[in-house]
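The values are calculated or read from the model by the stated rules, or taken from the named source; none is laboratory data. If you're wondering where the values come from, they're calculated on a predicted model, not measured in any experiment. Methodologically, a virtual Cβ is constructed for each residue, glycine included, from the backbone with ideal geometry; neighbour enumeration extends over all protein chains shown. Keep in mind that these areas ignore ligands, DNA and RNA; they rest on the heavy atoms of the full protein, side chains included. Shrake-Rupley method; radii C 1.70, N 1.55, O 1.52, S 1.80 Å.
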Amino acid sequence: MKHNEQGFILPVVLAFCALFLLLVAQQTTYFVTKSSFYEEVEQKNLLQHLLENAVVHVKKEVKEHSKSPSTPLVLETGTVSYEVVSEDEQMIILKIKCQTLQGRALTETAYIQKKDQHIVKWTD
């Protein structure tokens, strides 16, 4: 038997395994970060869609009933509730709160003219 062997295969295999594990860990982290970013973008788009539906609903309520909307709007992607901040003969100031099924919420204030159902101003 030889006792003075200069082996290099084991250290090279261990180095390649360590590099491979680092690469797998980096790609896994990248995938998780990317998927959570896309989930966040999807929630933001759902909130925008709910807000647009809320505006259409408010305009329809004001046009048909000549009064401010008070009932919450329930959709398949979430709910929209309204709170009348102030109302006079010309304008309604509404606080619109949208909430997705996952719990993400958005609150906006809309200034709506009564006679032509035109949104004058938005505030966050």
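Quick notes on this structure:
- Taking each residue as 0.36 nm, the span from ALA105 to HIS118 lengthens on full extension beyond its C-alpha to C-alpha distance by 2.2 nm.
- Sorted from longest to shortest, the spans of the Cα atoms of the chain along the three principal axes equal 103, 25, 18 Å.
- Only helices enter the 222 nm calculation for the chain: every DSSP H run of n ≥ 4 contributes -39,500 (n - 2.57), and dividing by all residues gives -17500 deg cm²/dmol, rounded to 500.
- Accessible surface calculations at 1.4 Å, restricted to protein heavy atoms, place the chain at 76 Å² per residue.
- Lysine pairs with alpha-carbon atoms under 15 Å apart, the chain, spacing 8 or more or separate chains: 13
- Taking 7 Å steps out from each Cα toward its Cβ at GLN90 and LEU21 produces label points 7.3 nm apart.
- Relative contact order %, the chain, counting alpha carbon pairs below 8 Å whose residues are six or more apart: 15 percent
- Per-residue Karplus couplings for segment 26-43, computed as 6.51 cos²θ - 1.76 cosθ + 1.60 with θ equal to phi - 60°, are listed in order as 5, 5, 5, 4, 4, 5, 5, 5, 5, 5, 5, 5, 5, 5, 5, 5, 5, 5 Hz, Gly and Pro entered as x.
- GNM top mover of VAL84, VAL13, VAL74 - the chain, alpha-carbon springs below 10 Å: VAL13
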